[in-house]
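Presented below is the structure to which this report refers.
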Amino acid sequence: MPSARDSSLVPSTLILLLGVALCGNTSCGGGGGAHHLALHCSDSAVTKDVVALRCGPGTGREVLQIKVVIGGPTTADIKGFNFDVLFDSDVLTDGPLSYVPGSAVDGGLLSQDGDDPLLSAEPALSDPDRLIVGFHRTNQLTGVQGKATENVVLQFSIKASLAGEFGPVLLKFENAEAVDPAGNILTGIAFSDQILLSVN
């Protein structure tokens, strides 16, 4: 005949079996669980007359908005920008980066006086890790200046594969230039590579 001690073990045994059924092979509670990878970004502030990429808000765990900004107040009238952004995924073993098609939008600098600037942002046909950007004012003959400490030129989004950890990876500018209303290159405006992306 079962003893009183044996009977008292039954509720505990049932609770243990129920916990195993609910949790399966993963840990329950705050100390365990699956490790969720996500795209992370780090950057630094821009200085006067320098164009740089800065971290914007994320969408979910794998998409991140990137801001193209110029430090101000700027010292020249700007008509437009031409540049490539390299995602440098040759060095990524588990998680390439890619441009989100159609995500590039005006940031407000070139349209501050009501101009309707023409924006083109597409990956190179022969190199999908290279985003080719052209952004120019169309209606006004004059250029504009950035009056704030940080002026947003445009924004676009990138997506990371979450197949594994990688990084930090430096996004780079190439073939970068700002131009004045006459189409001349503004040599006083520099482009700086200072944004790092990683998945962990």
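Suppose R0 equals 35 Å; then what is the FRET efficiency for Ser44 and Leu118 from their Cβ-Cβ distance, rounded to the nearest 0.05? Working from the Cβ atoms, E equals 0.70.
Per-residue Cβ neighbour counts within 10 Å put His36, His136 in the sequence His36, His136, beginning with the fewest.
For the stretch 167-191, the residues whose amide N sits under 15 Å from a probe point set 7 Å from the Cα of Asp84 along the beta carbon direction are 171-177. Most tightly packed first, judged by the mean number of other beta-carbon atoms within 10 Å of their residues, the peptides 68-79, 166-177 read 68-79, 166-177. Hey, what D do you get for the stretch 36-199 in µm²/s if you plug the Kirkwood alpha-carbon radius into Stokes-Einstein at 25 °C and 0.890 mPa s? This corresponds to a translational diffusion coefficient of 153 µm²/s. Among residues other than Gly183 with Cβ under 15 Å from its Cβ, the summed charge is -1 (Lys and Arg +1, Asp and Glu -1). Rg then Dmax, both in Å and based on the Cα atoms of the stretch 119-200: 15.9, 49.
For the stretch 175-190, the residues whose backbone nitrogen is under 19 Å from a point 7 Å from the Cα of Asp127, taken along Cα to Cβ, are 175-178. If R0 is taken as 25 Å, the Cβ-Cβ distance between Ser192 and Arg61 corresponds to a FRET efficiency of 0.35. The Cα center of the stretch 106-166 and the Cα center of the stretch 175-192 differ in position by 15 Å.
Bear in mind that the values in this text are calculations on the coordinates, not laboratory data. The model shown is predicted, which means the values in this text are computed figures rather than measured ones. Every residue, glycine as well, gets a Cβ built from its backbone with ideal geometry; the counts of neighbours run over all protein chains shown.
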